[in-house]
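Visitor: One structure follows; several queries about it will come next.
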Amino acid sequence: MRVSEIFKSLQGEGKNQGRICLFIRLAGCNLRCRWCDTPYAQEGGVEMAPDAILEQVWRTKPPYVCITGGEPLLQGEDLTSLVASLKQRGVTIDIETNGTTDFTRFQPYASICMDVKCPSSGEKSDLSLLENIRKEDSVKFVVSDEQDCRFAQDVMNTHDIAGGIFFSPVFGADHTTIITYILKNDLPVRFQLQMHKMLGVK
């Protein structure tokens, strides 16, 4: 597997925001979002076997692991082996994905957070995957402006999304515009700032 970094921090976003978390950031991504905040993980990384990753993970005995990227689902069978081993040890697992790859085979082991790409990203997610989102999963829209908010609202109106829905502003975007849109349209979402960036932690 190509690993960009493994580190311990606070989860900065999503349904587990604020929890101590061990992050496994895998390298390689099939998208190039305009506002990507981890461009160093789009390529490169260090080759590690799943067992070597697990050996490093067990040293910290984490109750909660987030697998992110890059786009982690590109690592296929090795990722399946990794999350199965983590699940067997009783670890709570989140997988963050850009919504371009089928994630159903990972759902027996992990909660999925599907990041639906909005127009400002310059990229597109596969919206048909939203039908596979369960109650224990979540969907995130990283929004930059009112156009992104309208796009996200249209997606919510045309897809039955079972999991929680988050609006997360692009770092540095005008929060007031986004909050006003949510309130004006009574959107069934949770507005969430990226706490780790506000605190200056990884």
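Values quoted throughout were computed directly from the atomic coordinates according to the rules given, and no laboratory measurement underlies them. It should be emphasised that the depicted structure is a prediction, and the values quoted were computed from it without experimental measurement. Heads up, the Cβs are rebuilt from the backbone with ideal geometry, glycines too, and the neighbour counts pull from every protein chain shown.
Visitor: For residues that are outside any strand (DSSP E or B), surrounded by fewer than 18 Cβ atoms within 10 Å (Cβ to Cβ) and over 14 Å from the mean Cα position of the chain (by Cα), tally how many sit in segment 15-34.
Guide: Residues in segment 15-34 being outside any strand (DSSP E or B), surrounded by fewer than 18 Cβ atoms within 10 Å (Cβ to Cβ) and over 14 Å from the mean Cα position of the chain (by Cα): 5 in total.
Visitor: Can you tell me which condition VAL57 does not meet? The list is (1) of a type outside the set (Phe, Trp, Tyr); (2) closer than 24 Å to PHE171 by Cβ; (3) surrounded by 14 or more Cβ atoms within 10 Å (Cβ to Cβ), and all the others hold.
Guide: So the condition that VAL57 fails would be (2).
Visitor: Still on this structure: Looking at LYS124, LYS135, LYS140 in this structure, which one is buried (at least 16 other Cβ atoms within 10 Å of the Cβ) and of a type in the set (Lys, Arg)?
Guide: After applying the criteria, what remains is LYS140.
Visitor: Does at least one position in segment 70-92 carry a residue that is in a strand (DSSP E or B) and surrounded by 17 or more Cβ atoms within 10 Å (Cβ to Cβ)?
Guide: Scanning segment 70-92, I find no residue that is in a strand (DSSP E or B) and surrounded by 17 or more Cβ atoms within 10 Å (Cβ to Cβ), so the answer is no.
Visitor: Quick test of your reading of the structure: ILE112 fulfils all but one of (1) part of a loop (DSSP other than H, G, I, E, B); (2) within 14 Å of the chain's Cα centre (by Cα). Name the failing condition by number.
Guide: ILE112 satisfies every listed condition except (1).
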